[in-house]
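The values are calculated or read from the model by the stated rules, or taken from the named source; none is laboratory data. Owing to the predicted nature of the structure, the values given are computational and were not obtained by experimental measurement. Note that each Cβ is placed from the backbone with ideal geometry, even for glycine, and that neighbours are counted across all protein chains shown. Each accessible area value is taken on the protein alone, full model and side chains, heavy atoms only, with ligands, DNA and RNA left out. Shrake-Rupley method; radii C 1.70, N 1.55, O 1.52, S 1.80 Å.
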Amino acid sequence: MADIKYAAYICSGCGIGDTLNVGALEKVATKEGKMAVVKSHPFLCSTEGVDLIKNDIANEGVTHFCIAACSRRAKAEAFAFPGNAVSRANLREGVLWVVAEGPAHDEVRQEMAEDYIRMGCAEVKKMTCPAGSANAASSRRIMVVGGGMSGMTAALAAADAGYEVVLIEKTAQLGGFANNLWKRVPFNAPHAEAQPTGVAEMTAKVSGHAKIKIHLNSTLAETAGAPGRFIAKIAQESGAVTEETVGAIVQATGFTTYDLAKLPELGGGQANVVDQAGLEALAKAADGGAIKRADGSAVKSVVFVQCAGQRGSGGNGDGSHLDYCSGHCCATSIKQATYFKDANPDVDTVVMYQDLRVPGMGEDFYRSAQKKGVIFTKAKVNKVAGGNSCRVDFKDLILDEDASIDADLVVLATGQVPTSGVNLDEWTTTVTAAESGDEAAKQKKSELQKISVLNLNYRQGPDMPQFKYGFADSHFICFPYETRRTGVYAAGPTRRPMDMFQAQEDATGAALKAIQAVENVARGAAAHPRAGDLSFPKARLEGCTQCKRCTVECPFGAIDEDEKRFPVFNQERCRRCGTCMGACPVRVISFENYSCDTVGMQIKAVNVPDEFEEKPRILILACENDAYPALDMAGIQRLTYSAFVRTIPVRCLGSANTIWITDALNQGYDGVMMMGCKRGDDYQCHFVKGSEMAYYRMSKIDDTLKQLSLEGERVQTYEVAITDSARVAKMIDDYAAQLIEMGPSPMKGFG
Amino acid sequence: MTASIATNQTILVVGGGIAGMTAALEAAECGKQVLLVEKTPTLGGRTAQLYRYFPKMCHPTCGMEINLKRIKGNPNVRVMTMTQVVAVGGGRGDYNVTLKVSPRYVNENCTACRKCGEAVSAEIPDAYNYGLGKVKAAYLPHAMAYPQRYVIDASIVGTPEGEKAKAACPVNAVDLGMQEETLEINVGAVVWATGWRPFDANKIQPYGYDRIANVITSVEFERLADPHGPTGGKLLRPSDGKEAKNIAFIQCAGSRDENYLRHCSRICCMASLKQTQYVREAYGDAGKSTVYYIDIRAIDRFEDFYAMVWKDPTVSFVKSKVARIAENEANGNPVLHGVDTEGYHRYATEHDLVVLAVGMEPEVSGVKLPDDIIIDSSNFIEGSKDGGMFGAGAAASPLDVNRAVQSATAASLKAIQVIHKNASTEAA
Amino acid sequence: MTTATPKYRNNFLKEVEANVEEGHWVKMCMQCGVCAGSCPLGPHWQHSPQKIFMMIRAGKREEVLTSDSMWMCTSCYNCIVRCPRKLPITHIMHGLANYAHRLGMAPKGQPTEAIAKLFWDNLVKTGRVNELKFSLAMYFKDGFVQGIKNAMAMQGIGLGLVKAKRLNPMEILGGHACKDKSGIQKMVAKAREIEDRRKGFSGAGA
């Protein structure tokens, strides 16, 4: 390994040199930071400035360096040195632009800048450049679970991009729910007529594709490993088990229809009351002719009841069925009404809806059905009675009166229920009980395993974590595919209620993410949101106390346990958030460029004035994605805040180890502000549980504070959103004022 | 001359909003070469102009920060701002694209130090805030603008103001001699992520957007609610700067209307439901929102959000397409006239402020697209006849951000398939 | 036509489509209510246009055809201009009124119906509108005494119109006519016959 040589490059541009004493900063870097090379430049991000650094790397043997200039968020391309360990001291957005102007603030401003130089130097000394662990031999095959429209689409999409695909279908044929459909809603202009489903053509295409290997009558008995090296045990109905090595997984396990029997008030289970799937079957049997009931008589009048057993939580129901809307059912009923009209325009077709939901060009399909004479009635259906002549009691919401009509057939538009395997909360409870010897729990565990889709052998359970209502959805708007199981992507109605068009689009997107996952593994790089990050957690297991916190707290289920209960890190599943590092009570987990030391040494590098100087020191640990940009933007908007704060960006607040807090307090800091994202059910943390964990850990720190005879207020957690630049500036000033009021930390001088 | 920045192994993504950024990044992170062109000076598109997302009420800039970080760190993506596609020749796998690059008058030297902005006194309408405020004619589009580089507005080039900006720049970044450039490139596939624009509310004559100060659009309301907006996040109405506490939200302003947009814009119901919660955020129980609607289209799991808003006592719903808006000249209040169709109740209701939930119109409406592009009756892009160009996001269909990202990710893979075919043909 | 129309079946809608001018548009309404709110006479309508469309779809034949709502339409065209589905609402309203009239179901003494009938009778006679006779017929439609009262009340306007040469007192003697009076009458009769045949009327409703 080459020798390490440290350097610091200080930019005096953007007014830094006009306002700060750059000479003094250089001196700090040399004397206190112990940097071998220290240079300043009036325009460091210019070609000339960057060349200065490159030249030192090439000719002076500089390997590790601190760039003291603007925020790490600025000029990222200019200051990209992939082969070196680089820290950034934020003199511009972090000092110059946020400390009040004028000579009255010269002293505190300079102190702040000098501290950031000290911190930048201290940090880089503990950093190494991430080497990555590329694995070109990893598997690039994509496994698709589920052979319906979504699964087949995902399989074809990946195969057509050149990737081998293993497709698993539990039934004897491909096609899934689409096999039961007579036609589908139109996807393209003019959005006027129901279209052939195309399922047979697609099945043929998938079956004949050279890159797609199909396992019918098969389920997953076990999925072990990690992205790039999943080993799937595929169990056939016959009992035979085949093993496939795959790199990533698309879960397209679809949905089942809501059980009609649960809707007796709407005639569920009674004669001539069917759900939409039932109507498709009648339409298929009719094959374009008159649609007949089970008793063989042609249907002369039909009523469609929308939102049957759906949308229950608002003003629309009592919450006893599905709360959500399945999205596709309005268009589906429109389609089905046209089945009748196309065969015989004299059939009376009434669609009873509360809100007709046909977004986008669906409006054209709606119009087309109206044109065919389908009657739409805004109504709340109260009761349906099946029988030879069905009766529908409803309130016509437009005419504001109760009414009832008779019909030969009633179609209930019921919802989609996702097929997403085991609920992990239930799993954890069951496993915990089973481990303590509860026989019933052991029984239940094996039952749960039977309904599991993936049977992952992960420490945290066999399936993807589910969100509300059992969907394997991601919780993000900007990143809908980001599940909590790296390399496993949900697609289609298992993820969210949806129609066929959306499901196919969704499946294509999921296929891309799966491809990306295998490419990431090959390069040894992290997946979203730290895309391309080559660092990964390393643990000094000799110091590990087998406390299991890292394995439990990892939001991505990346860490398993070996027989001795030591953590086993699966790098390919890891998203590099550092939650494990924050969790570890003995601090044995670290990343090459981010560790308890890289942060701890920064905290220690700060020059804490004694109690007589009336200059409190406040440590801010700020989430790098939201709070830190908010602070940056406060600078960009030239808002001011206290010069007493020293900010350290963290990958996620969940990576903050409590040792940092105790270090800071021991050092004589007067307060600590921890700024993370919104936590709770509607969390906004991109690592899911990070801010939640930080809050939880900090709630436990009170005892420690008491032992040190410190006030609880000296450590505060805040939810800071990225738009909060003005709010965060005020937050800091208020906290600084509060600390001055409280008086200096009694720990000063003991550190 | 064909510029060497792209080859038939390159995917061209047109439009740098959330869909375009997504399409570009997803392909780039699969190892593909991508050229991302954006016609305005910054990435982020209309998403960057939203205050919060439904249903999580989180901030679009949060995801944008991640996407920008991905772009900054990925050499596979090349970004060109102020660039438009003017012509596409060739076919699937081998397109010749003509790009027009408008002058920014600021080069890569810029450090966003703000000196030019301080030197210039001329002001222009603030596009970021939909013209609700003004910015200096030397400006950074917004605090998260990427590239983080100033723009000199063409209106001051050749004037003493322009010279002031140039003189103030400490790093020689202002180049007033920049000219429009035309560039020919070769690419394998094209993703059209050209997005949408809010329907021009002036066209909806009975709603008086052009006449009544306190009738604004939903996109403008986003800017009012945003702390980075013209009012610092206060819901101040235009006529007198007073706090608007009793706010009407009119659905289908332009959408579902054969006189204007024949399609349903999908997002507006949810956007208005979300905006009722801005009113709650501002005033608690003292605010009042009324939603005038035809059908509330809170699709799939969004129903939860609707149910939550539905239970909010400060929000009421009227099933009615408002017929017309008059103005109470004494206090500037808009007065809504119409009929509640649930039982036929006539109303004339006064509100402090009216927010028109304007529809999404494809940004390419009225733009000459390559002949090969297939569009629907509302000008949404369905794809191309030769199968080498794809619509993504709101260019393809009126979509919310989540669906736009889904659509863009799918389009990205379809583009990769074209490139893959090229690569395997060449290898063979 | 005496059997009760079934509810929420297409029977009445189909009847309207067959017999009412532009009646085939009724099914296209999406119940937004903009027509209801746009009508300047709206407050005088018992049922708004959009509600009438819903009533037609609900099979409320009697209620619709005996309603005086559609008689309120003054052809301002606000509703047509604003209808997002481009329904020719004005024409449908007139069509419905006409159909109700022909069925003899229009409300008794409906003034719009009366004036329309007077206008029509006046017009067909000579092929030209005799404004004087038309006005007088209007005044006297509710009896002689009321006619005198009406004429007295309107005399200022009447004299003004005469002065401005907009009303010719000589019209009382028969007035101007088109060249081929009987030709016009035959044409109208033929048109009616064709329409009646198409719509299945006996011709008694006129």
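Cβ-Cβ contacts under 7 Å between residues 6 or more apart (or on different chains), taken from a first residue in the stretch A:28-41 that is touching a residue at least 40 places away in the same chain (Cβ under 8 Å) and assigned by TED's automatic domain parsing to the domain that holds residue A:12 to a second residue that is open to solvent by 20 Å² or more (accessible area, probe 1.4 Å) and basic (Lys, Arg), are listed as A:28/A:118; A:32/A:118; A:33/A:118. Residue A:53 meets the conditions (1) touching a helix residue (DSSP H, G or I) at 6+ places or on another chain (Cβ under 8 Å); (2) part of a helix (DSSP H, G or I); (3) surrounded by 15 or more Cβ atoms within 10 Å (Cβ to Cβ); (4) of a type in the set (A, V, I, L, M, F, W, C) in every case but one. The failed one is (1). Restricting attention to the stretch A:384-407, the residues being surrounded by fewer than 21 Cβ atoms within 10 Å (Cβ to Cβ) and more than 46 Å from the chain's Cα centre (by Cα) number 9. Screening residue A:678 with (1) open to solvent by less than 10 Å² (accessible area, probe 1.4 Å); (2) among the basic types (Lys, Arg); (3) within 12 Å of chain B (Cβ to nearest Cβ) gives one miss only, at (1).
Taking the criterion of being at the interface with chain B (Cβ under 10 Å from one of its Cβ atoms) and open to solvent by 10 Å² or more (accessible area, probe 1.4 Å), would at least one residue in the stretch A:372-383 satisfy it? So far as the stretch A:372-383 goes, no, none of its residues is at the interface with chain B (Cβ under 10 Å from one of its Cβ atoms) and open to solvent by 10 Å² or more (accessible area, probe 1.4 Å).
Inside the stretch A:571-585, residues that are closer than 20 Å to residue A:625 by Cα and either of a type in the set (Ser, Thr, Tyr) or within 14 Å of the chain's Cα centre (by Cα) (or both) make up a count of 5. Inspection of the stretch B:25-34 finds no residue satisfying the criterion of being assigned by TED's automatic domain parsing to the domain that holds residue B:399 and either free of Cβ contacts under 8 Å to residues at least 24 places away in the same chain or touching a Pro at 6+ places or on another chain (Cβ under 7 Å) (or both). For residue A:593, the criteria (1) surrounded by fewer than 21 Cβ atoms within 10 Å (Cβ to Cβ); (2) in contact with a Leu (Cβ under 8 Å, 6 or more places away or on another chain); (3) within 14 Å of another protein chain (Cβ to nearest Cβ) hold in every case but one, which is (2). Restricting the first member to the stretch A:312-325 and to residues that are more than 10 Å from chain B (Cβ to nearest Cβ), and the second to residues that are open to solvent by 30 Å² or more (accessible area, probe 1.4 Å) and modelled with pLDDT of 85 or more, the beta-carbon pairs closer than 8 Å and six or more apart or on different chains are A:321/A:262. Within the stretch A:223-248, the set of residues being open to solvent by less than 70 Å² (accessible area, probe 1.4 Å) and outside any strand (DSSP E or B) comprises A:225, A:226, A:227, A:228, A:239, A:240, A:247.
Got a sec? Which helices (runs of 4 or more DSSP H) wholly within the stretch C:52-103 have at least 3 residues that are of a type in the set (D, E, K, R)? Steps first, please.
Working: elements: C:61-65, C:78-82, C:89-103.
In the stretch C:52-103, the matching helices (runs of 4 or more DSSP H) lie at C:61-65.
In this entry, residue B:208 passes the filter for residues that are of a type outside the set (Asp, Glu), over 18 Å from the mean Cα position of the chain (by Cα), more than 14 Å from chain A (Cβ to nearest Cβ) and closer than 30 Å to residue B:270 by Cβ.
If the condition is being under 29 Å from the mean Cα position of the chain (by Cα), farther than 29 Å from residue A:634 by Cβ and open to solvent by 30 Å² or more (accessible area, probe 1.4 Å), then the stretch B:141-175 contributes B:154, B:155, B:157, B:175.
State yes or no: is residue C:47 surrounded by 19 or more Cβ atoms within 10 Å (Cβ to Cβ) and not small (Gly, Ala, Ser)? Here the answer is yes, as residue C:47 does meet what is asked.
Looking at A:524, A:543, A:600, A:578, just one residue is in contact (Cβ under 8 Å) with a residue 40 or more places away in the chain, surrounded by 24 or more Cβ atoms within 10 Å (Cβ to Cβ) and not acidic (Asp, Glu), and that residue is A:578. Out of the residues in the stretch B:348-362 that are part of a loop (DSSP other than H, G, I, E, B) and over 20 Å from the mean Cα position of the chain (by Cα), which is surrounded by the most Cβ atoms within 10 Å (Cβ to Cβ)? Top of the filtered list is B:351. For the stretch C:13-34, indicate whether the set of residues that are over 19 Å from residue C:77 (Cβ atoms), buried (at least 21 other Cβ atoms within 10 Å of the Cβ) and within 14 Å of chain B (Cβ to nearest Cβ) is non-empty. Among the residues of the stretch C:13-34, at least one is over 19 Å from residue C:77 (Cβ atoms), buried (at least 21 other Cβ atoms within 10 Å of the Cβ) and within 14 Å of chain B (Cβ to nearest Cβ), which makes the answer yes.
Has the stretch A:334-355 got at least one residue that is facing another protein chain (nearest Cβ under 7 Å), in contact with a helix residue (DSSP H, G or I) (Cβ under 8 Å, 6 or more places away or on another chain) and either without any contact (Cβ under 8 Å) to a residue 60 or more places away in the chain or basic (Lys, Arg) (or both)? There is no residue in the stretch A:334-355 that is facing another protein chain (nearest Cβ under 7 Å), in contact with a helix residue (DSSP H, G or I) (Cβ under 8 Å, 6 or more places away or on another chain) and either without any contact (Cβ under 8 Å) to a residue 60 or more places away in the chain or basic (Lys, Arg) (or both). So is residue B:357 within 25 Å of residue B:17 (Cα to Cα), of a type outside the set (D, E, K, R), within 11 Å of chain A (Cβ to nearest Cβ) and in contact with a Ser or Thr (Cβ under 7 Å, 6 or more places away or on another chain) or not? No: the conditions fail for residue B:357.
Matching residues to (1) away from every other protein chain (no Cβ under 14 Å); (2) in contact with a Gly (Cβ under 7 Å, 6 or more places away or on another chain):
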| site | (1), (2) |
| --- | --- |
| A:503 | no, yes |
| A:520 | no, no |
| A:524 | no, yes |
| A:527 | no, no |
| A:537 | yes, no |
| A:552 | yes, no |
| A:563 | yes, no |
| A:581 | yes, no |
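If you go through the stretch B:49-62 and keep only what is in contact (Cβ under 8 Å) with a residue 60 or more places away in the chain and within 11 Å of chain A (Cβ to nearest Cβ), you end up with B:50, B:51, B:52, B:53, B:54, B:55, B:57, B:60, B:61. Condition test on residue A:251, is it modelled with pLDDT of 95 or more, surrounded by fewer than 21 Cβ atoms within 10 Å (Cβ to Cβ) and not aliphatic (A, V, I, L, M)? When the stated conditions are applied, residue A:251 does not pass them. Just one of the listed residues (B:412, B:384, B:365, B:407) is surrounded by fewer than 17 Cβ atoms within 10 Å (Cβ to Cβ), under 30 Å from residue B:90 (Cβ atoms) and either within 14 Å of chain C (Cβ to nearest Cβ) or among the hydroxyl-bearing types (Ser, Thr, Tyr) (or both), and it is B:365. Scanning the stretch A:154-169 for residues that are buried (at least 20 other Cβ atoms within 10 Å of the Cβ) and assigned to a loop (DSSP other than H, G, I, E, B) yields a count of 3. Considering the stretch A:171-196 alone, what residues qualify as being in contact with a strand residue (DSSP E or B) (Cβ under 9 Å, 6 or more places away or on another chain), without any contact (Cβ under 8 Å) to a residue 60 or more places away in the chain and surrounded by fewer than 20 Cβ atoms within 10 Å (Cβ to Cβ)? Of everything in the stretch A:171-196, those that are in contact with a strand residue (DSSP E or B) (Cβ under 9 Å, 6 or more places away or on another chain), without any contact (Cβ under 8 Å) to a residue 60 or more places away in the chain and surrounded by fewer than 20 Cβ atoms within 10 Å (Cβ to Cβ) turn out to be A:179, A:188, A:195, A:196. Taken together, the residues in the stretch B:86-110 that are assigned to a strand (DSSP E or B) and farther than 19 Å from residue B:14 by Cβ amount to 1.
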